[in-house]
Amino acid sequence: MKNITFKFICFAIIFSCLKLTAQENNNEQLRNCATDEYNAQLLINNPNMMGSDSFERQMAPKIEAIKRQLESGSSRALQFTIPVVVHVIHNGEPIGTGANISDAQVLSQIEVLNEDFRRMAGTNGFNNDPNGADVEVEFCLAKQNPDGCVTNGIDRVNMSAVSTTWSGPGGNTDSVLKPATIWDASQYMNMWSVNFADGSLLGYAQFPGGPANTDGVVSNYTYFGSNDAPGVSIPGNFNLGRTMTHEVGHYLALFHTFQGGCAGGDQCADTPAVDNPNFGCPTTHQSCGDLDMVRNYMDYTDDSCMNVFTNDQKARVISALTNSPNRPNTVTSDKCTPLADVSNDGSVEINEIVNVPCTSDIVTNIRIQNFGTVTLTSAMISYNIDGGSSTDISWTGNLANGEFEDIDLPIISSSVGDHVLNVSVASPNGNADERNCNDITSVDYTATSAPESVEGTQLYFGLLTDTYSNETTWEFVDSSGAVVQSGGPYNGTTNDSTLFEFTIPLGTNECYTFTINDTANDGICCAYGVGSYELRINDVTGALVASGGDFGGTESLNFRANALSVDDYFLNNNLYVYPNPSANQLNIKLGNTNNLPNSYEIVNMLGQSITKRAIATNEDLAINTTSLSNGMYFIRITKDAASITLPFIKE
C-alpha cells in the first residue's frame, strides 16, 4: 500500500478500530482489536514510537535493506527465536477452570504462533498465496525466569484481591496489572491472558517504541490458544489462536491491512488497500479496486480464514527485531536456554491468601515444585508473619522433575491490619538445595477485622435493580460455604427498575457472607438507573445493617448473627473429644454441629504447636492422629476470640 501521513492515522484512522461490539440479538461477534486505540494514547507521551512519522523515517531505509536481502535470495544470516512468558491472570480458580487456563491451552497458543509465523506446511498456518512468506520467526516458552531460576514460561498470578476483571487500553490493565507482573521486556515477550471486563474485546498489543513497563500483548482468556489442540475447548469463530497471531503482528511492527482505507497506510506494498475491516471470510470481496487479502492475519476475518503474512510484512518484522528496543530474541536474550541440571532443587510459591470470614485469620495455599533431577520426597517448609518466629512443617510426597503439589498451610492468625507472609523451602530430600533463587517467597496481605454481630431471627434484603436487572445476581453463604439463599439474574429490560424483597433466616453464632454481582461491571447505581440494596434486621423497618449499589463487578460483606458469649458457646455445645486415648483418629464432639468452632490446634507437653487447622465443615471435626508420637497432648479449640483446651493421649 501507499504510505500516508501518520498524523492522519493517529487522529482519524485510529477511530476505525475503536470498540466493535457484539451484535444484539445474539448475532455473531465481530473481531475487536484495541491496538490502534492504545497506540493513540501512548503517542501522547511517546511521540517517536511506531505510529509517528519519525518512527517510519527511521525504519524506512532499514526495511529497504532487508527487502533487498530477501529479494536477492541469499539465505538469512539469523533465525529469530523470541523468548515468551505467558502471564495467566486468574481469580483463584483451579488450573484449567475459567481464567486459570490449562497448560495445554497455553502450549497450543505457542504452537499456533510458530505455525503461522513459519508458514508451516501441513498446519493451519500454511498458504499458497504468491505473496505469502515464511517470516522466519519462532517462539519458545522461557526456560529461565528473571531471577535466573527454572521456569516453564507460564506465570500464574491470582490478582483477585486487586480486581476480578481487567480493562481495555488505558485502564487497570495498563496502570496496575502490567507493571505488577511484567518480566523484563528486553529479555521476554510478555503475553497476558486475562478476563476482560468487556467480553467483546479480543485483545490488543503495544507497538515498538513504547514504555517498557507495559510492553507486550494481551488477550481475553476465552480467545487464547487453539480449539484444535487435544484437551482444549474454545467456542466461536475466534478459537484457533489467531487473536494472538494478530496481536503479536502488531507487537512486531505490523499495522492493520485496512489502515488508512483506500489511501493505503500499512506501509506494505504487497497488501492490497482495504477500505474497511473484513469480517467472516468474504474471499471474493473487492473494496479499493483489487481483491481484498482477507486471509491476511492483520485483517479482522475469522480465525479459520487467516493464514497469510506477506514479504513486505516480513521485512517490517525483521527490522523491528533488529532495530527496535525491547524486542528480544535469542541473540539478545538467553532466556530460551535451559539451566544446567541439578539433583536437588525445591521451589515454593504462594498461590493464594484468603481471609477467613468474620476473623482476622488467613488460609494460605502454596505450591511445592521439584526442579531437580532426583524425585523430591521430602522438604522442610517454614513460614512467618512480618519476619517473626517461624513455624516449620515437614512435607513428604513424590514429585518427579517439573511436578508440583498445592497444599494449604495451617490457619494463620495475626492482628488486624497490613502484614507480610514469608514462606521458604529447604532441605530437599534431606540435602542442601542446589539453587536458592526459588527457595523464599513473600506476599503482602491485609488481615480484616471481625464484623459486629447482627441480632435477630431473620434479615430483610431489599434489592432495587437498575435498568439492566438481567446483569444482577446475589447470594448469602454461611461459614461452611453453603448457599443459604440466592437470586438473579432478573428479567428486567432497559428503562425498567424493579424492587425485589426477601427474608433470610439467621442462625445462632453463624458467620454469613453477602455478595452482589453485576456482569457489566458497573454496579447497579448510577450509570444506568438508580438501583440500590439494603440489609435490615428482621424486616423493612428494622435497624440498617448495610446498603449500597455503587460498585464495579462485585461487592461483598461479612456479618455474624446472634453471637453467643464465650461461656454460652462452650457450655451449650456439650463439647468434648473422643476416643481418649486415641490411636488413629480423634473426634471433636459438639451438641450442635450447625454451629462449628473456628479452628483447632494441637500442642505437645512443651507447649509447642504441632498442627493448626481451620474448621469449615463437620468433616474437619475428625482429626487424623497417626503421625503423632505416643504420649500426652492438648487440643485447643477456638471460637472467635475465645478457646477451650482439652487433654488427650495418643497411643
Notebook entry, point to check: From the set of residues in the stretch 605-634 that are touching a residue at least 24 places away in the same chain (Cβ under 8 Å), farther than 28 Å from Val483 by Cα and outside any strand (DSSP E or B), which is farthest from the chain's Cα centre (by Cα)?
Noted result: Met605
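Checking the conditions here, which among Leu421, Leu464, Leu409 is of a type in the set (A, V, I, L, M), touching a residue at least 40 places away in the same chain (Cβ under 8 Å) and closer than 25 Å to Gly523 by Cα? Give the derivation first.
On the way: Leu421 fails: closer than 25 Å to Gly523 by Cα; Leu409 fails: closer than 25 Å to Gly523 by Cα.
Only one candidate qualifies: Leu464.
Answer yes or no: is there a residue in the stretch 480-488 that is out of contact with any strand residue (DSSP E or B) (no Cβ under 6 Å at 6 or more places or on another chain) and touching a residue at least 60 places away in the same chain (Cβ under 8 Å). Working first, answer last.
Filtering the stretch 480-488 down to residues out of contact with any strand residue (DSSP E or B) (no Cβ under 6 Å at 6 or more places or on another chain) leaves 480-482.
From what's left, touching a residue at least 60 places away in the same chain (Cβ under 8 Å): 480-481.
Yes, the stretch 480-488 has at least one match.
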Notebook entry, point to check: What tally of residues in the stretch 303-327 results from selecting those that are surrounded by fewer than 24 Cβ atoms within 10 Å (Cβ to Cβ) and touching a Lys or Arg at 6+ places or on another chain (Cβ under 8 Å)?
Noted result: 8
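Listed here are the residues, each with its yes/no results for (1) more than 28 Å from Phe224 (Cα to Cα); (2) surrounded by 19 or more Cβ atoms within 10 Å (Cβ to Cβ); (3) touching a Ser or Thr at 6+ places or on another chain (Cβ under 8 Å).
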| site | (1), (2), (3) |
| --- | --- |
| Ala263 | yes, no, no |
| Gly289 | yes, no, no |
| Cys336 | no, yes, yes |
| Asn344 | yes, yes, no |
| Ile353 | no, yes, yes |
Next item on the list: Answer yes if at least one residue in the stretch 428-435 is at pLDDT 90 or above, in a loop (DSSP other than H, G, I, E, B) and either in contact with a Lys or Arg (Cβ under 8 Å, 6 or more places away or on another chain) or under 26 Å from Ile95 (Cβ atoms) (or both), and no otherwise.
Entry: yes
Notebook entry, point to check: Does the stretch 427-434 contain at least one residue that is surrounded by 18 or more Cβ atoms within 10 Å (Cβ to Cβ), in contact (Cβ under 8 Å) with a residue 12 or more places away in the chain, touching a Leu at 6+ places or on another chain (Cβ under 7 Å) and not assigned by the TED database to the domain that holds Pro505?
Noted result: yes
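Would you point out the residue of the stretch 500-535, among those that are small (Gly, Ala, Ser) and at pLDDT 90 or above, that is nearest to Gly481 (Cα to Cα)? Talk me through it step by step, then tell me what you get.
The first filter runs over the stretch 500-535 and keeps only residues small (Gly, Ala, Ser), leaving 507, 520, 523, 527, 529, 531-532.
Subsequent filtering for residues that are at pLDDT 90 or above retains 531-532.
Working: Gly531: 28, Ser532: 26 Å.
Across the stretch 500-535, the extreme among qualifying residues is Ser532.
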Note to self: Six or more apart or on different chains, Cβ atoms under 9 Å: show the pairs whose first residue is in the stretch 79-101 and within 19 Å of Leu141 (Cα to Cα) and without any contact (Cβ under 8 Å) to a residue 40 or more places away in the chain and whose second is surrounded by 21 or more Cβ atoms within 10 Å (Cβ to Cβ) and not basic (Lys, Arg).
What the structure shows: Gly96/Gln105
Note to self: I need the strands (runs of 3 or more DSSP E) fully contained in the stretch 119-219, keeping only those with at least 3 residues that are farther than 26 Å from Met49 by Cα and in contact (Cβ under 8 Å) with a residue 24 or more places away in the chain.
What the structure shows: 154-158
Checklist line | Restricting the stretch 612-651 to residues that are under 22 Å from Ser414 (Cα atoms) and buried (at least 18 other Cβ atoms within 10 Å of the Cβ), the residue that is modelled with the lowest pLDDT | finding: Asp640
Check: Quick one: Glu138 ticks every box in (1) more than 19 Å from Ile101 (Cα to Cα); (2) under 18 Å from the mean Cα position of the chain (by Cα) bar one, so which box is it?
Finding: (2)
Item checked: Unmet criterion (only one of (1) buried (at least 18 other Cβ atoms within 10 Å of the Cβ); (2) at pLDDT 90 or above; (3) not aromatic (Phe, Trp, Tyr)) for Ile362 -> (2)
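The values are calculated or read from the model by the stated rules, or taken from the named source; none is laboratory data. Owing to the predicted nature of the structure, the values given are computational and were not obtained by experimental measurement. Reconstructed Cβ throughout: ideal geometry from the backbone, glycine too, with neighbour counts over all protein chains shown.
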